[in-house]
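Beneath this line is the structure, given in structure tokens, with notes to follow.
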Amino acid sequence: MARIRVLVVDDHRIFAESLAAALAAEPDVDVAAAGSGPAALRCLERGAAEGRRFDVLLVDAELGAGPAGAAAARPVPADAEGAVDGISLVMGVRRVQPALRTVVLAEKDDPRRAALALQAGASGWVAKDCSLQRLLAVVRGVLRDETHLPPALLTGVLRELTEARRHRTDSERLVESLTPREREVLRCMVAGLGRKAVAERLFLSPHTVRTHMQNVLGKLGVHSTLAAVALARRAGVGPAEPVPVGAGRSLPGDVVERGGQPA
């Protein structure tokens with residue numbers, strides 16, 4: 001009999017342990033529990049290293065009491081510590097182990113968060129008060145590449161996904177209006193770099209970087225760096241790559257030329 005390896009991730013210990021115990025009573029299910037995002041990532045890494053990868057991840061929608069828009073956060077690194085919200089965990093796991101199926105467990109129907117979960121890579125959204133048989137049916141279904149949503153959520157989720165697609169298209173159009181240099185600056189902003197760090201990275205003066213940042217905000221039609229970063233993420237703009245250790249930097253007052261023109 002092929003066994004299904006399930007990892008339950010919920011920071012409410014009683015619920016996590018009770019659900020794990022109920023699932024473990026099934027003859028074809030092996031189950032483990034984790035109380036946080038970082039703990040879950042460590043379990044997944046350990047299972048992969050031992051050749052015993054998990055098949056399905058059951059994640060609390062409110063893990064870490066994250067904000068509603070937390071799915072826009074960057075994928076969670078494997079060495080993350082502290083609170084990690086459920087949808088960001090789904091996104092991070094999707095990048096690391098794409099074959100792993102994820103089901104989000106929720107206390108209430110929420111079309112927006114359900115849509116965010118699907119966009120992050122989840123295969124299902126299930127109410128926490130559903131029956132064990134219903135949950136098992138979903139677990140087995142996602143392993144057959146099925147997507148599971150409560151019927152009552154379907155219309156709302158489709159509406160949210162359509163709206164998100166429209167926002168993404170609008171965001172992509174705005175980003176395309178930026179010059180190549182302004183896009184570089186935007187990627188640095190997405191990476192969380194301040195004006196001085198951007199200036200050092202791109203070999204520009206802080207005054208020039210400030211001008212570029214103001215131009216970026218103006219062209220994107222936003223009034224803050226946070227809003228610009230949120231729009232950039234919707235458009236699929238990733239952060240600037242880390243500078244390699246030992247890479248050269250300009251000295252104050254240096255003028256660096258690229259392609260015959262001052263940068």
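Of everything in the stretch 77-113, what is over 22 Å from residue 41 (Cβ atoms) and at pLDDT 85 or above? Give them in sequence order.
Step one: filter the stretch 77-113 for residues over 22 Å from residue 41 (Cβ atoms), giving 107-112.
Hit for the stretch 77-113 is 107, nothing else.
Answer yes if at least one residue in the stretch 249-262 is assigned to a loop (DSSP other than H, G, I, E, B), in contact with a Pro (Cβ under 7 Å, 6 or more places away or on another chain) and at pLDDT below 85, and no otherwise. Break it down into steps so the answer makes sense when it comes.
To start, the set of residues in the stretch 249-262 that are assigned to a loop (DSSP other than H, G, I, E, B) comprises 249-256, 259-260.
Then keep just the ones that are in contact with a Pro (Cβ under 7 Å, 6 or more places away or on another chain); that gives 255.
So of that shortlist, the ones also at pLDDT below 85 come out as 255.
Yes; the residues of the stretch 249-262 include at least one that is assigned to a loop (DSSP other than H, G, I, E, B), in contact with a Pro (Cβ under 7 Å, 6 or more places away or on another chain) and at pLDDT below 85.
Every test in (1) within 15 Å of residue 96 (Cβ to Cβ); (2) outside any helix (DSSP H, G or I) is passed by residue 6 save one, and that test is (1).
Would you say residue 171 is touching a Leu at 6+ places or on another chain (Cβ under 6 Å) and over 22 Å from residue 56 (Cβ atoms)? Steps first, please.
Numbers: touching a Leu at 6+ places or on another chain (Cβ under 6 Å): yes; over 22 Å from residue 56 (Cβ atoms): yes.
Criteria met by residue 171.
Scanning the stretch 20-37 for residues that are in contact (Cβ under 8 Å) with a residue 60 or more places away in the chain and crowded, with 20+ Cβ neighbours inside 10 Å yields a single hit, 23.
Could you tell me which residue of the stretch 143-152 is most open to solvent (accessible area, probe 1.4 Å), considering only residues that are touching an Asp or Glu at 6+ places or on another chain (Cβ under 8 Å) and at pLDDT below 85?
As a first pass, look at the stretch 143-152 and keep what is touching an Asp or Glu at 6+ places or on another chain (Cβ under 8 Å): 143, 150, 152.
Now restrict to residues that are at pLDDT below 85: 150, 152.
On the way: 150: 25, 152: 91 Å².
Here the answer is 152.
In the stretch 161-172, the count of residues that are within 19 Å of the chain's Cα centre (by Cα), open to solvent by less than 50 Å² (accessible area, probe 1.4 Å), among the hydroxyl-bearing types (Ser, Thr, Tyr) and modelled with pLDDT of 90 or more is zero.
The one condition from (1) touching a residue at least 12 places away in the same chain (Cβ under 8 Å); (2) part of a helix (DSSP H, G or I); (3) open to solvent by 50 Å² or more (accessible area, probe 1.4 Å) that residue 14 does not meet is (1).
Of all residues in the stretch 106-142, count the ones that are open to solvent by 20 Å² or more (accessible area, probe 1.4 Å) and under 16 Å from residue 153 (Cβ atoms). Working first, answer last.
Kept after step one, since they are open to solvent by 20 Å² or more (accessible area, probe 1.4 Å), are these residues of the stretch 106-142: 107-112, 116, 118-119, 127-134, 137, 140.
After this cut, where a residue has to be under 16 Å from residue 153 (Cβ atoms) as well, the list is 107-112, 116, 118-119, 127-130, 134.
Qualifying residue count for the region: 14.
Could you list, in sequence order, all residues of the stretch 90-105 that are more than 18 Å from residue 52 (Cα to Cα) and open to solvent by 50 Å² or more (accessible area, probe 1.4 Å)? Within the stretch 90-105, just 95 meets the criteria.
For first residues located in the stretch 176-190 and within 15 Å of residue 238 (Cβ to Cβ), partners that are of a type in the set (Lys, Arg) and open to solvent by 10 Å² or more (accessible area, probe 1.4 Å) and lie 6+ apart or on another chain with Cβ distances below 7 Å form the pairs 178/219; 188/201; 190/233.
Every residue, every condition in (1) among the polar types (S, T, N, Q); (2) over 22 Å from residue 54 (Cβ atoms), yes or no:
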position: 121; (1), (2): no, no
position: 124; (1), (2): no, no
position: 128; (1), (2): no, no
position: 132; (1), (2): no, no
position: 138; (1), (2): no, no
position: 147; (1), (2): yes, no
position: 150; (1), (2): no, yes
position: 153; (1), (2): no, yes
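Within the stretch 218-228, one or more residues are more than 28 Å from residue 113 (Cα to Cα) and open to solvent by less than 60 Å² (accessible area, probe 1.4 Å). For the stretch 197-217, the tally of residues that are open to solvent by 60 Å² or more (accessible area, probe 1.4 Å) and farther than 17 Å from residue 239 by Cβ stands at 5. Screening residue 193 with (1) in a loop (DSSP other than H, G, I, E, B); (2) surrounded by fewer than 16 Cβ atoms within 10 Å (Cβ to Cβ) gives one miss only, at (2).
Based on this model, can you work out whether residue 137 counts as assigned to a helix (DSSP H, G or I), modelled with pLDDT of 85 or more and out of contact with any Lys or Arg (no Cβ under 7 Å at 6 or more places or on another chain)?
Numbers: assigned to a helix (DSSP H, G or I): yes; modelled with pLDDT of 85 or more: yes; out of contact with any Lys or Arg (no Cβ under 7 Å at 6 or more places or on another chain): yes.
Considered against the rule, which asks whether it is assigned to a helix (DSSP H, G or I), modelled with pLDDT of 85 or more and out of contact with any Lys or Arg (no Cβ under 7 Å at 6 or more places or on another chain), residue 137 comes out as yes.
Cβ-Cβ contacts under 6 Å between residues 6 or more apart (or on different chains), taken from a first residue in the stretch 43-59 that is under 23 Å from residue 141 (Cβ atoms) and open to solvent by 70 Å² or more (accessible area, probe 1.4 Å) to a second residue that is outside any loop (DSSP other than H, G, I, E, B) and not charged (D, E, K, R), are listed as 53/47.
The values are calculated or read from the model by the stated rules, or taken from the named source; none is laboratory data. No experiment lies behind these values; they were computed from the predicted model shown. Cβ atoms come from the backbone with ideal geometry, glycine included; neighbour counts cover every protein chain shown. Only protein heavy atoms, including side chains, enter the accessible area calculation; ligands, DNA and RNA are left aside. Shrake-Rupley method; radii C 1.70, N 1.55, O 1.52, S 1.80 Å.
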